[in-house]
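The values are calculated or read from the model by the stated rules, or taken from the named source; none is laboratory data. Quantities reported herein were computed from a predicted structural model and do not represent experimental measurements. Methodologically, a virtual Cβ is constructed for each residue, glycine included, from the backbone with ideal geometry; neighbour enumeration extends over all protein chains shown. Ligands, DNA and RNA are stripped out before the accessible areas are found, and what is left, the full protein with its side chains, is counted by its heavy atoms. Shrake-Rupley method; radii C 1.70, N 1.55, O 1.52, S 1.80 Å.
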Amino acid sequence: MPVGAREPPTPRLFPKALGQLLSKYLVRELHLSLTQGFWRTRTWGQPYLQAPAGAELWVWFQDSVTDVDKAWKELSNILSGIFCASLNFIDSTNTVTPTASFKPLGLANVTDHHLLRYAVLPREVVCTENLTPWKKLLPCGSKAGLAVLLKAERLFHTSYHSQAVHIRPICRDASCLSVSWELRQTLTVVFDTFSIGQGKRDWSLFKMFSRSVTEACPLASESKIYVDISSKTQENELLEVTPPPLSVHEASVQGDRRTYAVYDLLSHFLFNVSRSLNVQLKWKRPQDSLDLSTPVLHAQRYVSGYGLQTGEISTLIYNTHPYRAFPVILLETVPWYLRLYVHTLVITTKGKENKPSYIHYQPAQDRRRPHLLEMLIQLPANSVTKITIQFERALLKWTEYTPDPNHGFYVSPSVLSALVPSVIAMKAEDAEQSPLFTSLFPSSDGSSYFVRLYTEPLLVNLPTPDFSMPYNVICLTCTVVAVCYGSFYNLLTRTFHVEEPSRGGLAKRLANIIRKVRGVPPL
């Protein structure tokens, strides 16, 4: 179906709810991710499909949209209801329009950045209520195929969990005479195999998910499991995979040659021996530690300074390539209550100033929009680039503070986009033989691959008033009012009666006469 048409995609496999959104709001591309945790690059290696902590949403609209901001607001509210997330908190204060980052990933003949909207909610918490609607979008749900492994109590007991939905237009065939919508659902989970395996690095599907694969989804035309069996020294005898794979596939993934054991769930030979598939990996020799190769590009971010008036945001970008330099696009989104001093922006590499080739800055407006800073920076080979900028904290209104203001306020992570040079060039026939890896890890010409990285979200403390003072003022005021008003009310409403002293009766008078005769004072 043509991308610009208003008719929704065919509902046979494509979810009807998402198809109606695409047609009603004229969406060209939609990318949504819900992530719990932060990807530890130095411990886990290069991320395959990294996403920022919390919720991330970026959408490309078609050029026929009259009011992009209105469509963006309504779209985020509807997605909030579909995925049971707090996307309804997306507004103008956390939405930006990048000019160089987040280019369309599908077919696009219009790259007007005014049709792009991007927002991040770093504080969003991902739980079971977000996973359930995500699984319902699958053709077979969680009843068959790989989705049977998605047990919520096992997935959320991990070090990292990220689920995403990506919708984009692609060519239906090689001639690209017709265009189709592609819906890609990704799930990235990091298990602690040391604790699961009781001190061993061996793992299996049943140990991690408490389930095994029983059958493929009947609606799937292709269903495969890829197990990475490559090692740093390419000595495959160090590990053993059971059951034996039906085939072995080699692919160039993010500049590294990887070897995968492939299990085709649609193959009749796979379930002949057993009714279920439980892939196991065992190490023949104990491995004290796994030395992962250092990623060519990685970054970190932190806040420095003291007090609650000023501070400094520092970003460190590492290029570990031994002899290749390459540019990187840095996107910074800072809330309006952190007032940036752009004249304090300093970029240094190897002790020298590094001037950006391109810079775009959109200042913030109080309670309307955040700061937007985009820069194109050249990273020399084997270098560390430090970017610092100072800011001043603003004083919020007492109604603008969160219920737990002493916890701090989150700042969206930085976004790095770059074409990283590859050490191992990918051949042209590799892209044709492995369309899955080519789609997940696109390569421009075989000598470089695209990487989008996210730094840590920042937690900044703002000047916080003493919220117990209103309670003390209310108590003191009520006490004073009660005392004053109570006394004044008693004076106005109390009735006073004057009682005259009685002269006494006959007995008292006789007694006084007798006391007088006796010389005693009267009563």
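Data for the structure
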| item | result |
| --- | --- |
| Failed criterion for LEU340 (all others in (1) under 22 Å from ALA100 (Cα atoms); (2) of a type in the set (A, V, I, L, M); (3) in contact with a helix residue (DSSP H, G or I) (Cβ under 9 Å, 6 or more places away or on another chain) hold) | (3) |
| Close pairs from the range 362-384: first under 25 Å from PHE102 (Cβ atoms) and at pLDDT 95 or above, partner outside any loop (DSSP other than H, G, I, E, B) and among the charged types (D, E, K, R), Cβ under 6 Å, at least 6 apart | LEU373/GLU332 |
| Residues located in the range 122-136, provided they are more than 17 Å from LEU57 (Cβ to Cβ) and not in a helix (DSSP H, G or I) | CYS127 |
| All positions within the range 336-361 that are surrounded by fewer than 13 Cβ atoms within 10 Å (Cβ to Cβ), closer than 19 Å to ILE317 by Cα and in contact (Cβ under 8 Å) with a residue 40 or more places away in the chain | THR344, TYR358 |
| Qualifying residue in the range 147-170 (condition: open to solvent by less than 50 Å² (accessible area, probe 1.4 Å), on the phi > 0 side of the Ramachandran plot and assigned to a loop (DSSP other than H, G, I, E, B)) | no |
| Verdict on LEU373 being aliphatic (A, V, I, L, M), in a strand (DSSP E or B) and more than 13 Å from ILE317 (Cα to Cα) | yes |
| Subset of the range 50-80 (residues that are open to solvent by 60 Å² or more (accessible area, probe 1.4 Å) and in contact with a Ser or Thr (Cβ under 8 Å, 6 or more places away or on another chain)) | ASP69 |
| Among the candidates LEU476, LEU492, LEU510, LEU523, residue that is at pLDDT below 80, of a type outside the set (S, T, N, Q), farther than 30 Å from THR259 by Cα and open to solvent by 80 Å² or more (accessible area, probe 1.4 Å) | LEU523 |
| Residue count, the range 132-146 (criterion: open to solvent by less than 20 Å² (accessible area, probe 1.4 Å) and in contact with a Lys or Arg (Cβ under 8 Å, 6 or more places away or on another chain)) | 1 |
| Residue count for the range 105-126, restricted to those that are open to solvent by less than 60 Å² (accessible area, probe 1.4 Å) and in contact (Cβ under 8 Å) with a residue 40 or more places away in the chain | 13 |
| Residue satisfying condition, being of a type in the set (S, T, N, Q) and modelled with pLDDT of 90 or more, within set THR294, THR310 | THR310 |
| Qualifying strands (runs of 3 or more DSSP E) (wholly inside the range 248-358; at least 2 residues being more than 30 Å from the chain's Cα centre (by Cα) and outside the structural domain of ARG368 (by the TED database)) | 256-264, 280-283 |
| Checklist (1) more than 29 Å from ALA418 (Cβ to Cβ); (2) at pLDDT 80 or above applied to GLU237, failing item | (2) |
| Residue count for the range 464-523, restricted to those that are under 30 Å from PHE409 (Cα atoms) and among the polar types (S, T, N, Q) | 3 |
| Residue identified as in a loop (DSSP other than H, G, I, E, B) and open to solvent by 20 Å² or more (accessible area, probe 1.4 Å) among LEU187, LEU177 | LEU177 |
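So that you can scan it fast, the table gives a plain yes or no per residue for (1) more than 20 Å from VAL334 (Cα to Cα); (2) assigned by the TED database to the domain that holds GLN309; (3) open to solvent by 70 Å² or more (accessible area, probe 1.4 Å):
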position	(1), (2), (3)
ARG368	no, yes, yes
VAL384	yes, yes, no
ILE389	no, yes, no
ASN406	no, yes, yes
